[in-house]
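Participant: Before we start, here is the structure in question, set down as structure tokens.
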There are 2 protein chains.
Amino acid sequence: MERFFYPRSVAVIGVSANPVNLAKGIVRNMREAGYQGKIYPVGPRGGTVYGLPILSHVRDLPEPADVAAILTPARFVPQVVEDCGKMGITRVVVESGGFSELGEQGKALEKEIAQLIDRYNIRLIGPNGLGVINMEIGLCLPFSQMAPIPRKGSISIISQSGGVGMHLAAWMTKEGLGLNKFVSLGNKLNVAENEILAYLMGDPGTEAVYLYLEGLHDGRELLHVARRAPKPVYVQIPNVGEETSAIAFSHTASLASDERVVEAACRQAGIIRVKSQADFLVAAKLTGQPLVKGDNLVVLSRSGGEAVIAAYACRQWGFKLPSLSPDLADFIHESSRSKIIKPTNPVDLGDIFDFSVYSRVFADLCQDPEVHAVLVNYGPVYDPEREEARRMARLMIEDAQKYQKPLAICVTATLEEEEFFRDELGFPVFHFPGQAVRALAYSRTLANRSQPVVGARSPWLSRDKIAALLADQPASGFLPMTASLSLITHLGIPVAGWQTATTSQEALTAAGDLGYPVCLKLAAPSLVHKTEVGGVILGLYNPEDVSAAFDKLAEVAGKTLPRGEAWEAVIMPQVEGGEEVIIGAHRDATFGPVIAFGAGGIWTEILEDVALRVAPIDNEEAWRLVLDTKIGQILQGARGRPAVDLTSLCRALAGLSQLMISFPQIQEVDLNPVRVFPGGKGILALDARIRVG
Amino acid sequence: MERFFYPRSVAVIGVSANPVNLAKGIVRNMREAGYQGKIYPVGPRGGTVYGLPILSHVRDLPEPADVAAILTPARFVPQVVEDCGKMGITRVVVESGGFSELGEQGKALEKEIAQLIDRYNIRLIGPNGLGVINMEIGLCLPFSQMAPIPRKGSISIISQSGGVGMHLAAWMTKEGLGLNKFVSLGNKLNVAENEILAYLMGDPGTEAVYLYLEGLHDGRELLHVARRAPKPVYVQIPNVGEETSAIAFSHTASLASDERVVEAACRQAGIIRVKSQADFLVAAKLTGQPLVKGDNLVVLSRSGGEAVIAAYACRQWGFKLPSLSPDLADFIHESSRSKIIKPTNPVDLGDIFDFSVYSRVFADLCQDPEVHAVLVNYGPVYDPEREEARRMARLMIEDAQKYQKPLAICVTATLEEEEFFRDELGFPVFHFPGQAVRALAYSRTLANRSQPVVGARSPWLSRDKIAALLADQPASGFLPMTASLSLITHLGIPVAGWQTATTSQEALTAAGDLGYPVCLKLAAPSLVHKTEVGGVILGLYNPEDVSAAFDKLAEVAGKTLPRGEAWEAVIMPQVEGGEEVIIGAHRDATFGPVIAFGAGGIWTEILEDVALRVAPIDNEEAWRLVLDTKIGQILQGARGRPAVDLTSLCRALAGLSQLMISFPQIQEVDLNPVRVFPGGKGILALDARIRVG
């Protein structure tokens, strides 16, 4: 990666003197951004561009350029890549479009290029992207006009869409946020996001990373990289549903992800998933500051109204507004003109015109370990006091840095004061208090990242028994109900006692053994949705009920099963009491095995009270998974209710996680319902469905 | 109001030539804004300001000015107001602070002023506010510097905080939104928001209104005015909790409102409650356009990535992206360069360089009644095509107006293109697709406003019986349980059969009459929270249970009731089945009677699944109230479950609404639980608590 970002020379291929030539935009941008290395424009028609001669062929280069940027029609790209390979160029950026995003013909071209880079040992970024920027050295490979040239700074961008990345970079500049490195991934033929992200994690110039992704190259690896990230990582992943899938596919040949899995995975990895560019611009304004390590916020404000708005935002985002220390409160009170009101938090400083008071108050707050961040509403500032106010602002920023106290400044003065902060202090400010509090909340989320789960193992899982059981079953499709129930037992999850019967008499005997009331379920290899066809009969209180139910199942089997398929009835005691939950697992296309937990019964679908985690999870992570749901809070014994046996529940979830990791052939597990009982009475799975493949 | 907004002359009182004099800022702003009427600066020290002579006293005015703006120290204000009164000035704006927001002394000053304006028949805006702006005539009374002077337009602001209002006005200008009128209310001694809002509703220059309120003068009246509003009304009401109450009180002497009531009231009145200034700036960009009357959105985009982001925002905000008509799809396909991909919605036009195609596509969409709004991602635009792209934009805006189709434009080109839209076309644009879709969603909310409930009456309410019952009870405090249960019956709400007992034997007889199982509840005048003290005993299946329970209640009564207080046991059959809900009512300090409905049982507190309505509500509004909750959706028979008797439920809610309107002495009603049964089997209240006062 290093050579992509720090080339000493760049060949720009596809340049001509034609006014509508796009490639020469690359040369223009490089020069405007102040690139000091060598630039070699290349194009068959020769001529000059921005004072540089255009070489007519790659072989005419005086040296193998460190990087070649290619912007020719797609059909010529393979030849150019080969030319580069022959010249010994090993880093290539392809900005041309017209590849896999346009269908079969383009896909073939990509395949051809893939073979070439393999042969010549080339690393390639693109195609169908805008290339690479490194503001540290003025490297600026996008061809499209950059107005303005990005502000230099410490935030790096990895964007699958060049347009989105460039638009954001322009807004960052406007909002006072500086760019360090930028990569537009395009179709990700060779280099994808994870490799770049890993590089940026170790890059001294980068303090935070924003990723825009339409498809995930390898979600699991992304988690792996981000989990160890010492810097804030923000991702925007909009392609998560039917609304976006068609357009995203035609744009960057990307497949949609599952929004709930993306959401869960980001939380687990400590990645902030932003839902819009505007969200990112808010969050990023605290880049480079220490993280907000608690809920206590002090708001200093000269505008009473903006103080109220800030306090409301604290309510929205769960910040507390602790009282000031008595000494500080007295000092503010004594310094105020009217000396009437004791200061509360937010502190309304509207009545104090001596800015040295503000600085002293702020320095005090900086040294108070119980204050986790300070929000300053800067303004209104009247003309005569402007210089003093600005001096105070400078002091505050210095103190915040000195004492490592997170500081958010919201400019509520005239808009030109925003420019002062942005351009003279290089300190990005917020436009409204709500945005500032939101950014502090993002920072707090980053501070609260949980430690990654490493090598979680469930001692309750009988690996050999499960392997033996699976060996006896077909390699794909749903397991028979009885096999599913057995497998769950081997996982250490208790299952309600059950027996099978193929005759009415056997069913009666089983019911007698298990104890009334019982329920009967139809089981057959081809039957997946037994409830829907009437194959589950509950509430059987006596032998007559059981006989009738067995006959009914026989009737259902006759109607719904393929002629001649063997079936049996599964008899279970009808379990009363406890709370109903659902436990499940499936394999996500990009993130791999995922564990789900949620409320059962009537609330399941209406509430969508389900939380997810990417496996592996240990008991502790399972606990967090459970508490992410409303039902989890109820189970925990919220507000006076007796707590249920969460330990057994978490053990079951961790065991399921282990199962999915250990047995990749298991595609899907659905335990619905599972009853969770108060006290130490454990859990009981009442049904299980498992798909292998 | 008219004279406040359209004065032909303005006296500015408190002016001096001193460099730090604040009042002269008013004169400066008036001149910069181009006010053409007469300006009379007044101040005891005389001199000149901005070329105008400073009159030394109000009585020196050559005429009674239409408006007097006062900015002197608070203690002088009463005298100045009296001077104005004597001169025959009847419209006064007081910008000075130092009144009720600073405590008792200031309150006394306000009282003095109140008497004076009464005597001289003066209308007064303020004190402690920034006064009035009317951009139509350059009236600009705020004293603080306005950089920039607001853009002229059609949005009016009513703000309790001058600072918040001015800051927003500055941002509106930056965002391309024009200001029409502005009032900073301050302490609302005389003129409050409702009167101004009513005026603006009939003001031809105003197309939308934003209100910033820290306290509500009269929430019920606000609803009344806004409900009939022919224009969009946006309110920001941050002072809704303990976080904000202290600072808001010290800022504008305002009391906090109940957030849930505010939220419900705004919905009922068709007011958009924005939670931040940034929200408003997004929503307001569609001002003057027709409302979005459905869910079907078409996105035209030149950037594939921004199209994906727009589609994601549609997912977030519940918009549909219908397919294009076959003709239109063919036309786009034929016009594309690569001719490979069939256009989906979002339409990626990145491959089309002929902008007349865009105009033709847009005109087509404008004429399609199934398309409820169009979002255009404008850009990227390359230098050579800029002029043609701009021509297209102009055409689109014209067509949108001609065909009355809501159009949101998001500029994804270089930022200078935003300036083109703002400054040359006067068309506010969005920075990111998510903001555009959010604004369209706000517009759709405005289009879906429900009609106000007028004179809803419940025929099931026995007014006379209730009046008689209340006459027999103490005038304040909680009614005895038996009286509460009777009152509820008179309301037409069925209550589970019940009897009272003062001896164990009576209890046994009652239980025998009602049928087992039963429950026993302790009832006594002073007992409010009977469950908490163990005064409710459930699940009594036989006479022994009942005897024991009665003895237990006697014990509880002995322990918890004041010595000698009479008590009785209420015996009720234990009702099984149905879903548990809660019905309630209370009086909000600003909005008056409020009706609540929510889930009962274990989910009540965890889910906070409660919805509110300001009374009166009719059956139809009650239906909407019920469906606002999750439990309501379950009761309705969501996803296969049998529906319950919603008609009885809604009748009960409407009846309760009628009770609160008819009997102002009833402060609080709490029916918890109420069981709702499937089919036509009605509802049954199992307990009732009523407070009068």
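The values are calculated or read from the model by the stated rules, or taken from the named source; none is laboratory data. These numbers come from a predicted model, not from an experiment. Positions of Cβ are generated from backbone atoms using ideal geometry, with glycine treated the same way; all protein chains shown enter the neighbour counts.
Participant: Return the residues of segment B:63-90 that are under 19 Å from residue B:7 (Cβ atoms) and either among the small types (Gly, Ala, Ser) or without any contact (Cβ under 8 Å) to a residue 12 or more places away in the chain (or both); say none if nothing qualifies.
Facilitator: Of everything in segment B:63-90, those that are under 19 Å from residue B:7 (Cβ atoms) and either among the small types (Gly, Ala, Ser) or without any contact (Cβ under 8 Å) to a residue 12 or more places away in the chain (or both) turn out to be B:65, B:68, B:69, B:85, B:88.
Participant: Hey, another quick one. If I ask for residues that are within 10 Å of chain A (Cβ to nearest Cβ), free of Cβ contacts under 8 Å to residues at least 60 places away in the same chain and in a helix (DSSP H, G or I), which ones from segment B:250-278 would you list?
Facilitator: Those that are within 10 Å of chain A (Cβ to nearest Cβ), free of Cβ contacts under 8 Å to residues at least 60 places away in the same chain and in a helix (DSSP H, G or I): B:259, B:278.
Participant: Next up: Got a sec? Which of A:180, A:190, A:239 is polar (S, T, N, Q) and surrounded by fewer than 21 Cβ atoms within 10 Å (Cβ to Cβ)? Lay out the reasoning, then the answer.
Facilitator: Working: A:180 fails: surrounded by fewer than 21 Cβ atoms within 10 Å (Cβ to Cβ); A:239 fails: surrounded by fewer than 21 Cβ atoms within 10 Å (Cβ to Cβ).
Within the list A:180, A:190, A:239, the selection yields A:190.
Participant: Tell me which residues, restricted to segment B:144-175, are assigned to a loop (DSSP other than H, G, I, E, B), touching a strand residue (DSSP E or B) at 6+ places or on another chain (Cβ under 9 Å), more than 22 Å from residue A:310 (Cα to Cα) and facing another protein chain (nearest Cβ under 9 Å). Explain how you work it out, then say what you get.
Facilitator: Keep residues of segment B:144-175 that are assigned to a loop (DSSP other than H, G, I, E, B), which gives B:144-151, B:160-161, B:175.
Applying the additional criterion that residues be touching a strand residue (DSSP E or B) at 6+ places or on another chain (Cβ under 9 Å) yields B:146, B:149-151, B:160-161.
Filter once more, so that each one left must be more than 22 Å from residue A:310 (Cα to Cα): B:146, B:149-151.
Residue satisfying the conditions is B:146 alone.
Participant: Another question, then. Hey, any hits in segment A:393-406 for a residue that's touching a residue at least 12 places away in the same chain (Cβ under 8 Å) and either at the interface with chain B (Cβ under 10 Å from one of its Cβ atoms) or polar (S, T, N, Q) (or both)? Before the answer, list the steps.
Facilitator: From segment A:393-406, those touching a residue at least 12 places away in the same chain (Cβ under 8 Å) are A:393-397, A:399-400, A:402-406; that's our starting set.
Okay, now just the ones that are also either at the interface with chain B (Cβ under 10 Å from one of its Cβ atoms) or polar (S, T, N, Q) (or both), so A:404.
Checking segment A:393-406: at least one residue is touching a residue at least 12 places away in the same chain (Cβ under 8 Å) and either at the interface with chain B (Cβ under 10 Å from one of its Cβ atoms) or polar (S, T, N, Q) (or both).
Participant: Now for a separate question. Please work out if residue B:581 is within 14 Å of another protein chain (Cβ to nearest Cβ), part of a strand (DSSP E or B) and either within 19 Å of residue B:685 (Cβ to Cβ) or under 23 Å from the mean Cα position of the chain (by Cα) (or both). Quick ask: steps written out before the conclusion?
Facilitator: On the way: within 14 Å of another protein chain (Cβ to nearest Cβ): yes; part of a strand (DSSP E or B): yes; either within 19 Å of residue B:685 (Cβ to Cβ) or under 23 Å from the mean Cα position of the chain (by Cα) (or both): yes.
When the stated conditions are applied, residue B:581 passes them.
Participant: While we're on this one: Which one is farthest from residue B:656 (Cα to Cα), of the residues in segment B:607-626 that are surrounded by 19 or more Cβ atoms within 10 Å (Cβ to Cβ) and within 14 Å of another protein chain (Cβ to nearest Cβ)?
Facilitator: B:607
Participant: Given the criterion among the hydroxyl-bearing types (Ser, Thr, Tyr) and in contact with a strand residue (DSSP E or B) (Cβ under 8 Å, 6 or more places away or on another chain), identify the matching residue among A:382, A:378. Show your work before the answer.
Facilitator: Working: A:382 fails: in contact with a strand residue (DSSP E or B) (Cβ under 8 Å, 6 or more places away or on another chain).
Exactly one residue qualifies, and that residue is A:378.
Let's see how each residue does on (1) at pLDDT below 90; (2) touching a strand residue (DSSP E or B) at 6+ places or on another chain (Cβ under 7 Å); (3) outside the structural domain of residue B:431 (by TED's automatic domain parsing):
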position: B:303; (1), (2), (3): yes, yes, no
position: B:309; (1), (2), (3): no, no, no
position: B:313; (1), (2), (3): no, no, no
position: B:317; (1), (2), (3): no, no, no
position: B:321; (1), (2), (3): no, yes, no
position: B:325; (1), (2), (3): no, no, no
position: B:340; (1), (2), (3): yes, no, no
position: B:354; (1), (2), (3): yes, no, no
position: B:362; (1), (2), (3): no, yes, no
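Participant: Against the condition out of contact with any Leu (no Cβ under 7 Å at 6 or more places or on another chain), charged (D, E, K, R) and touching a residue at least 40 places away in the same chain (Cβ under 8 Å), how does residue A:3 come out, does it pass? Step through it out loud before you land on a result.
Facilitator: Details: out of contact with any Leu (no Cβ under 7 Å at 6 or more places or on another chain): yes; charged (D, E, K, R): yes; touching a residue at least 40 places away in the same chain (Cβ under 8 Å): yes.
Taking the combined requirement at face value, the residue satisfies it.
Participant: Still on this structure, please answer the following. Filter segment B:29-41 down to residues that are assigned to a helix (DSSP H, G or I) and in contact (Cβ under 8 Å) with a residue 24 or more places away in the chain and give me whichever is farthest from the other protein chains (Cβ to nearest Cβ).
Facilitator: Of all residues in segment B:29-41, those assigned to a helix (DSSP H, G or I) come to B:29-32.
So of that shortlist, the ones also in contact (Cβ under 8 Å) with a residue 24 or more places away in the chain come out as B:29-30, B:32.
Working: B:29: 12, B:30: 17, B:32: 13 Å.
The extreme case among them is B:30.
Participant: Would you point out the residue of segment A:366-386, among those that are touching a Phe, Trp or Tyr at 6+ places or on another chain (Cβ under 9 Å) and over 25 Å from residue B:28 (Cβ atoms), that is nearest to the other protein chains (Cβ to nearest Cβ)?
Facilitator: Per the criteria, the residue is A:375.
Participant: If you go through segment B:584-596 one residue at a time, do you hit one that is part of a strand (DSSP E or B) and under 19 Å from residue B:637 (Cα atoms)?
Facilitator: So the first thing to find is which residues in segment B:584-596 are part of a strand (DSSP E or B), and the list is B:584-588, B:592-596.
If we keep only those that are under 19 Å from residue B:637 (Cα atoms) as well, we get none.
The answer is no; no qualifying residue exists.
Participant: Listed residues B:106, B:85; which is surrounded by fewer than 24 Cβ atoms within 10 Å (Cβ to Cβ), more than 14 Å from chain A (Cβ to nearest Cβ), of a type in the set (Gly, Ala, Ser) and outside any loop (DSSP other than H, G, I, E, B)? Full working, then the answer.
Facilitator: Details: B:106 fails: more than 14 Å from chain A (Cβ to nearest Cβ).
Exactly one of B:106, B:85 is surrounded by fewer than 24 Cβ atoms within 10 Å (Cβ to Cβ), more than 14 Å from chain A (Cβ to nearest Cβ), of a type in the set (Gly, Ala, Ser) and outside any loop (DSSP other than H, G, I, E, B), namely B:85.
Participant: Give me the residue from segment B:1-26 that is surrounded by fewer than 24 Cβ atoms within 10 Å (Cβ to Cβ) and among the basic types (Lys, Arg) and, out of that set, nearest to the other protein chains (Cβ to nearest Cβ).
Facilitator: Per the criteria, the residue is B:3.
Participant: While we're on this one: Could you please give the count of residues in segment B:277-323 that are surrounded by 20 or more Cβ atoms within 10 Å (Cβ to Cβ), in contact with a Cys (Cβ under 8 Å, 6 or more places away or on another chain) and of a type outside the set (A, V, I, L, M)?
Facilitator: Result for segment B:277-323: 1.
Participant: Here is a further query. Search segment A:190-223 for residues being under 12 Å from the mean Cα position of the chain (by Cα) and outside any loop (DSSP other than H, G, I, E, B), and hand back the single one that is farthest from the other protein chains (Cβ to nearest Cβ). Step through it out loud before you land on a result.
Facilitator: Applying the first criterion (under 12 Å from the mean Cα position of the chain (by Cα)) to segment A:190-223 yields A:210-213, A:216, A:219-220, A:222-223.
Now drop any that are not outside any loop (DSSP other than H, G, I, E, B), which leaves A:210-212, A:219-220, A:222-223.
Working: A:210: 13, A:211: 13, A:212: 7, A:219: 17, A:220: 23, A:222: 18, A:223: 21 Å.
Here the answer is A:220.
Participant: Checking residue A:234 against (1) in contact with a helix residue (DSSP H, G or I) (Cβ under 6 Å, 6 or more places away or on another chain); (2) away from every other protein chain (no Cβ under 14 Å); (3) part of a helix (DSSP H, G or I); (4) not small (Gly, Ala, Ser): exactly one of these is not met. Which one?
Facilitator: (3)
Participant: Quick one: residue A:149 ticks every box in (1) among the β-branched types (Val, Ile, Thr); (2) modelled with pLDDT of 95 or more; (3) surrounded by fewer than 22 Cβ atoms within 10 Å (Cβ to Cβ); (4) touching a Cys at 6+ places or on another chain (Cβ under 8 Å) except a single one, so which number is it?
Facilitator: For residue A:149, the failing item is (2).
Participant: Among the residues of segment B:506-541, write down those that are touching a helix residue (DSSP H, G or I) at 6+ places or on another chain (Cβ under 6 Å) and in a strand (DSSP E or B). Even if it seems obvious, please write down each step before you answer.
Facilitator: As a first pass, look at segment B:506-541 and keep what is touching a helix residue (DSSP H, G or I) at 6+ places or on another chain (Cβ under 6 Å): B:507-508, B:511, B:518, B:520, B:522-523, B:533-535, B:537, B:540.
Across segment B:506-541, the qualifying residues are B:518, B:520, B:522, B:523, B:537, B:540.
Participant: Shifting gears a bit: Here are some residues: B:670, B:687. Which one is surrounded by fewer than 23 Cβ atoms within 10 Å (Cβ to Cβ) and of a type outside the set (Phe, Trp, Tyr)? Break it down stepwise before answering.
Facilitator: Working: B:687 fails: surrounded by fewer than 23 Cβ atoms within 10 Å (Cβ to Cβ).
Of B:670, B:687, the one residue that is surrounded by fewer than 23 Cβ atoms within 10 Å (Cβ to Cβ) and of a type outside the set (Phe, Trp, Tyr) is B:670.
Participant: State whether the residues of segment A:52-62 include one that is under 18 Å from residue A:137 (Cβ atoms), touching a Cys at 6+ places or on another chain (Cβ under 8 Å) and of a type outside the set (S, T, N, Q).
Facilitator: no
Here is a yes/no grid of residues against (1) at the interface with chain B (Cβ under 10 Å from one of its Cβ atoms); (2) touching a helix residue (DSSP H, G or I) at 6+ places or on another chain (Cβ under 8 Å):
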{"position": "A:286", "(1), (2)": "no, yes"}
{"position": "A:305", "(1), (2)": "yes, yes"}
{"position": "A:310", "(1), (2)": "yes, yes"}
{"position": "A:313", "(1), (2)": "yes, yes"}
{"position": "A:317", "(1), (2)": "no, yes"}
{"position": "A:326", "(1), (2)": "no, no"}
{"position": "A:331", "(1), (2)": "no, yes"}
{"position": "A:337", "(1), (2)": "yes, no"}
{"position": "A:346", "(1), (2)": "yes, yes"}
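Participant: If the requirement is being touching a Cys at 6+ places or on another chain (Cβ under 8 Å), within 14 Å of another protein chain (Cβ to nearest Cβ) and small (Gly, Ala, Ser), which of these qualifies: A:436, A:389? Can you show your working first?
Facilitator: Numbers: A:389 fails: touching a Cys at 6+ places or on another chain (Cβ under 8 Å).
Residue meeting the stated conditions: A:436.
Participant: Here is a follow-up. What number of residues within segment A:410-430 are within 14 Å of chain B (Cβ to nearest Cβ) and either in contact with a strand residue (DSSP E or B) (Cβ under 7 Å, 6 or more places away or on another chain) or closer than 17 Å to residue A:292 by Cα (or both)?
Facilitator: Final tally of qualifying residues: 8.
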